[in-house]
Amino acid sequence: MTTHDNLDSVDAKITARNVFVYYGDKRAIDDVSIDISAKYVTAFIGPSGCGKSTFLRTLNRMNDTIAGARVEGDIALDGVDIYKSSMDVVQLRARVGMVFQKPNPFPKSIFENVAYGPRIHGLAASKSEMDEIVERSLRRAGLWDEVKDRLADSGTALSGGQQQRLCIARAIAVDPEVILMDEPCSALDPIATARIEELIDELRGNYAIVIVTHSMQQAARVSQRTAFFHLGRMVEYGKTSDIFTNPREERTKDYITGRYG
Ligand SMILES: Nc1ncnc2c1ncn2[C@@H]1O[C@H](COP(=O)(O)OP(=O)(O)OP(=O)(O)O)[C@@H](O)[C@H]1O
Ligand SMILES: [Mg+2]
């Protein structure tokens, strides 16, 4: 594995060390170590089946919900082991939010989609505080102007791109520290995709953001750090500009130039 040495790791939000993931006796992630910074957007790239989603899910323990999945190794958030037995997983998933490939709003109103998390975490003391959280989250997700007059409509009645921004608003509403996105634009048209990419850029710096993408152009546009995965291993990790212009590993070069994938 090549980790470029010109990375500043002092501000790592998440540190993963020697992580292995198994589904039954099949190994899907093989000895991955990475520091994920709070300052940057990190892209995970690599061919289908290489383990990007699997590794992403280890970062907020979503693999816990998959029967037969087993995680070994160390993953810490702000230096605290997230796999320790006393970890409150509901709390963890509020701190490390997730946005999925297919927008999955709850079958509830737009307002309730955003208010749900703050309510279960007790973040609003009054109706007006909740209104504020919902408005602020929708504004940050770039959706407020489009939905402010129809907050009582169902979230599922929005367009795909709007639904994805609603899901981002829902993730933001609980004030996360990290946002994990697994191919968040793959079901969207180019205009909705551009909107989400702009949004990622606006959110950068406030949250550590990790995005899985099959689009090299998207990784190059939105991320400052890129990790290339292949067959369950992290082959190379560095500044996005270095990975795309000057990869050190042959397999990275082959992938980004489209020789396989
Ligand atoms: N729930 C599961 N049960 C068993 N095996 C799984 C499960 N999920 C993933 N795998 C296997 O683990 C490996 C990594 O899969 P993963 O979904 O993480 O890849 P990926 O890089 O996200 O691929 P894609 O780009 O197609 O989304 C694959 O071999 C896959 O078949
Ligand atoms: Mg995947």
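Return the residues of the stretch 210-229 that are part of a strand (DSSP E or B) and touching a Ser or Thr at 6+ places or on another chain (Cβ under 8 Å); say none if nothing qualifies.
Residues satisfying the conditions are 210, 211, 212, 225, 226, 227, 228.
Does the stretch 143-167 hold any residues that are part of a loop (DSSP other than H, G, I, E, B) and either under 17 Å from residue 102 (Cβ atoms) or within 18 Å of the chain's Cα centre (by Cα) (or both), and which are they? Give the steps one after another, and end with the answer.
Of the residues in the stretch 143-167, the ones part of a loop (DSSP other than H, G, I, E, B) are 143, 148-153, 158-159.
If the condition is that a residue be part of a loop (DSSP other than H, G, I, E, B) and either under 17 Å from residue 102 (Cβ atoms) or within 18 Å of the chain's Cα centre (by Cα) (or both), then 158, 159 are the ones that fit.
For residue 173, all conditions in the list (1) crowded, with 24+ Cβ neighbours inside 10 Å; (2) touching a Leu at 6+ places or on another chain (Cβ under 6 Å) hold save one; what is the number of the exception?
(2)
Check the stretch 242-256 and report whether any residue there is in contact (Cβ under 8 Å) with a residue 60 or more places away in the chain, over 20 Å from the mean Cα position of the chain (by Cα) and surrounded by fewer than 15 Cβ atoms within 10 Å (Cβ to Cβ).
Yes, there is a match, as at least one residue in the stretch 242-256 is in contact (Cβ under 8 Å) with a residue 60 or more places away in the chain, over 20 Å from the mean Cα position of the chain (by Cα) and surrounded by fewer than 15 Cβ atoms within 10 Å (Cβ to Cβ).
State which residue is farthest from the chain's Cα centre (by Cα) when the search covers only the stretch 13-36 and only residues that are crowded, with 19+ Cβ neighbours inside 10 Å and away from ligand 2 (no atom under 16 Å from the Cβ).
19
Can you confirm whether the stretch 46-68 contains a residue that is part of a strand (DSSP E or B) and either more than 30 Å from residue 132 (Cβ to Cβ) or within 16 Å of ligand 2 (Cβ to nearest atom) (or both)?
Initially, the stretch 46-68 is screened for residues part of a strand (DSSP E or B), giving none.
For the stretch 46-68, residues part of a strand (DSSP E or B) and either more than 30 Å from residue 132 (Cβ to Cβ) or within 16 Å of ligand 2 (Cβ to nearest atom) (or both): absent.
Coordinate-derived values only; no laboratory data. As the structure is a prediction and not an experimental result, all values here were calculated from the model. Every residue, glycine among them, receives a Cβ derived from its backbone with ideal geometry; neighbour counts consider all protein chains shown.
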